[in-house]
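The values are calculated or read from the model by the stated rules, or taken from the named source; none is laboratory data. What you see is a predicted model, and the numbers here were worked out from it, not measured in a lab. Cβ sites come from the backbone with ideal geometry, for glycine too, and all protein chains shown count toward neighbours. Keep in mind that these areas ignore ligands, DNA and RNA; they rest on the heavy atoms of the full protein, side chains included. Shrake-Rupley method; radii C 1.70, N 1.55, O 1.52, S 1.80 Å.
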Amino acid sequence: MEIIMSILAGVLFTTGIYNLLQKQMLRIIIGTALISHGAHLFILTMGELKTGAPPILEENIKNYTDPLPQALILTSIVISFGVTSLLLVLAYRASKENGTDNMEKLRGNEND
Amino acid sequence: MISNLAVLPIVIPLIAGVLAILFHKKLKIVRVYSQVLTLINTGVVTYILFYVHQNGSVVLQAGDWMAPFGIVLVADMLSMTLVLTTNIVALACIFYAPKSLSIKQEEFYFYTFYFLLITGVSGAFITGDLFNLFVFFEVLLMASYGLIVLGGEKVQLRESMKYVLINLFSSMLFVTTIAFLYSVVGTVNMAQIAERVGEAEQTGILTTIGILFFFVFGTKAALFPLYYWLPKPYIAPNPVISALFGALLTKVGIYSLLRVFSLIFVYERDVTHELFIWIAALTLIFGSIGALSTNNIKLVVAYNIIPAVGFMLLGIGVYNSTGFSGTVYYLVHDMIIKAALFLLVGAITYLVGTSDLRKMRGLIHHYPLLGWMFFISAFVLAGIPPFSGFIGKLVLLQGAIEADRIVIAIIGLGSSLLILLSVLRIFIRGFWGEKDESIIPDRKAARGFILPVAFLLFFSVLLGVGAEWFYPSIESIGDYLMNPENYIESILKE
């Protein structure tokens, strides 16, 4: 199961990076969103995938699920959600002000 | 009870920032409020530094969750020194801000973003938990996203897009790297990671993870070849915001490198630290060439961040206690002088109306005090005795020579010359020469700018002239970093 999940995370990363290298702003943002999904899935996989056991560690309990990766993912999801929404607004304003959403045309050399 | 001290430098600016939202349009109140709270915070931080100096590190186990399970906040000499420097820079910026920002910018939550930025930077310095470090990185980055677009000009919007994208990407890489490390060592507490990496004698996979961390922090700290994103976004916002960015943000990256590579990944130095030395050399060369390549005075200062980062990485790379002391000393020096230079250049741009060096001449006739202050800061930056840059570079190069790294020492000296040339060029072309009669000097505005810069320059000169007083404590930080057992023990004592 871990192997499949790792491959899935890898696929998300690859498609994310492909989109990141595009010129259109919206594609780039979708790329970053895909990469963050890949990263979250990856954390989940790294904490070992187990079901049916409580997330408690006590003296006599041998079989337990690691609760930490889920706590980490939750934090990370909230953060990437916030940044992505900010990025969307920013992209909207930037393309309105500059009259283009093509990153090629947003290099900016006039203040050298 | 006393361990709660460690959380104060995070909580005070956080609450201050949230409360500042309530009266963000009453400018007179919010200005005084921010200045007073920054002063209080500086006072508290000074007290904690003094306390830590007397009694050793203060460790807070948040929520009474014992060390490897909960989040720990560690106020040791290194982190508190840097938090104090952060607050000194913040103090200068908060008094400079009303003169430089437009009313619209101030009303649009500048003070809230400012306090949240301080929260994030202080938190990143104090935390002893790798995932928490990521969270504080995000706190300071979120505040910086707000600050960089403050005003919403065309250039700002364009440059902030790139800034947000590169930081978002490197943050995601940071999370992935933490996941890798978690799967190998099963913890995110830095002390316990260090312990376990030591037990495993740093196998190949751990070294790979170490290099990934280097890539993440290198992007934040603007090292060669990952610095390409830095100069332009840094000059897009208002000078006071540039000063906060230039002084604080890249330094958090360098601090993280210093922590991680003095504590955790120290067993395969032939691979990691050897790499740092060569990256440091390239950063020094390309950064100082970049500073010479432009006539925009703001861009010159922004490019000057890069060789400074190279110097600090050099101290980490040579891996001896002199090198570490040099890095810490240089961090303190560089935070102060970069803020001073950005504020000075901002003042010049405001007074002349352009940042193009070709359009300036003879400014010294109109603004003599500003001119001489720029002259002193150029000397501080390049490392001319008796100022603080000299001591920092001296210690760093001493560390390099102790480790038999003569080539890198020579590159460091050479790049210092280029740095001196790049800033003196501004002085010679902008301040010397015939009086420009077309400028009507605005002495009153100039006076307002001078005071915060003079405050920062005072510390730069003090650090250089009074090196005898400060150096012993910095040297003890260097020794402390060379012996990570002390850090591990102070957290996992039970």
Using only protein heavy atoms and a 1.4 Å probe, report how much of residue B:487 is accessible, in Å² to the nearest 10. 10 Å²
Filter chain B for me: DSSP H helices, axial length by Cα at least 24 angstrom, mean Kyte-Doolittle hydropathy not below -0.5. List them by residue number. B:27-55, B:77-100, B:130-148, B:154-185, B:204-221, B:272-292, B:321-352, B:406-426, B:443-465
Considering the options A:9, A:45, A:57, tell which one lies farthest towards the positive end of the dipole of chain A, charges being +1 on Lys and Arg and -1 on Asp and Glu at the Cβ, about the Cα centre. A:9
So, with +1 on the Cβ of K and R and -1 on the Cβ of D and E, and no other charges, what is the size of the charge dipole of the protein assembly as shown about its Cα centre, to the nearest 20 debye? 2600 debye
Dipole of the stretch B:2-491 [Lys/Arg +1, Asp/Glu -1 at C-beta], most positive-end residue of B:467, B:95, B:364: B:364
With the cut-off at 1.5 for a/c, could you classify the stretch B:101-198 from its C-alpha gyration tensor as rounded, prolate or oblate? oblate
With a/c under 1.5 counting as rounded, go ahead and sort the protein assembly as shown into rounded, prolate or oblate using the C-alpha gyration tensor (a ≥ b ≥ c being the square roots of the eigenvalues; past the cut-off, prolate if a/b is larger than b/c, else oblate). prolate
Of the chymotrypsin sites (Phe, Trp or Tyr not before Pro) in the stretch A:25-112, those whose Cβ has at most 14 other Cβ within 10 Å and which sit in DSSP loop: A:64
Can you tell me the length gained on complete extension of the stretch residue B:375 to residue B:320, counting 0.36 nm per residue apart and subtracting the Cα distance? 16.4 nm
Förster radius 60 Å - calculated FRET efficiency between residue B:66 and residue B:435 (Cβ-Cβ, nearest 0.05): 0.30
Among B:209, B:48, B:380, whose Cα sits farthest toward the positive end of the charge dipole of the protein assembly as shown (+1 at Cβ of Lys/Arg, -1 at Cβ of Asp/Glu, about the Cα centre)? B:380
Kindly compute the accessible surface that chains A and B hide from a 1.4 Å probe when together, both sides summed, and give it to the nearest 100 Å². 3300 Å²
May I ask you to list the trypsin sites (Lys or Arg not before Pro) in the stretch A:1-109 that are in a DSSP loop and have at most 14 other Cβ atoms within 10 Å of their Cβ? A:23, A:50, A:62, A:107
Rank these residues by their accessible area, most exposed first, probe 1.4 Å: B:360, A:1. A:1, B:360
In whole angstrom, the spacing between the Cα centers of the stretch B:224-287 and the stretch B:315-335 equals 13 Å
Is there a quick way to get the dipole size of the stretch B:2-491? I mean about its Cα centre, with the Cβ of Lys and Arg at +1 and of Asp and Glu at -1; what is the value in debye to the nearest 20? 2240 debye
For the cross-link pairs A:23/B:298; B:251/B:359; B:99/B:298; B:162/B:251, which exceed 22 Å when the distance is taken from alpha carbon to alpha carbon? A:23/B:298; B:251/B:359
Any idea how far the Cα center of the stretch B:390-432 sits from the one of the stretch A:66-112, in Å? 37 Å
Only helical DSSP H runs with n ≥ 4 go in: add -39500 (n - 2.57) per run for chain A, normalise by residue count and round the 222 nm mean residue ellipticity to 500 deg cm²/dmol. -22500 deg cm²/dmol
Quick one: accessible surface of residue B:178, probe radius 1.4 Å, all protein chains present, in square angstrom to the nearest 10. 10 Å²
Which net charge results for the neighbourhood of residue B:321, defined as the other residues with beta-carbon distances under 11 angstrom from its beta-carbon, given Lys and Arg at +1 and Asp and Glu at -1? -3
How do B:268, A:48 rank by accessible surface area computed with a 1.4 Å probe, from largest to smallest? A:48, B:268
Pair residue A:62, residue B:469: separation of 7 Å Cα→Cβ label points (nm): 6.5 nm
Keeping all protein chains in the complex and leaving out DNA, RNA and ligands, what accessible area do you get for residue B:269 with a 1.4 Å probe, in Å² to the nearest 10? 100 Å²
Could you put B:408, A:17 in order of accessible surface area, largest first, with the 1.4 Å probe and the full protein assembly present? A:17, B:408
Folded to 0 to 90 degrees: helix A:25-46 orientation relative to chain A principal axis, Cα: 10 degrees
Dipole size in debye (nearest 20) for the stretch B:379-494 around its Cα centre, Lys and Arg Cβ +1, Asp and Glu Cβ -1? 680 debye
Could you let me know the centre-to-centre spacing of the stretch B:173-214 and the stretch B:155-170, using Cα atoms, in angstrom? 29 Å
How do B:198-205, B:378-385 rank on mean C-beta neighbours within 10 Å, highest first? B:378-385, B:198-205
When ligands, DNA and RNA are left out and all protein chains stay put, how many square angstrom of accessible area per residue does the stretch B:219-351 have with a 1.4 Å probe? 17 Å²
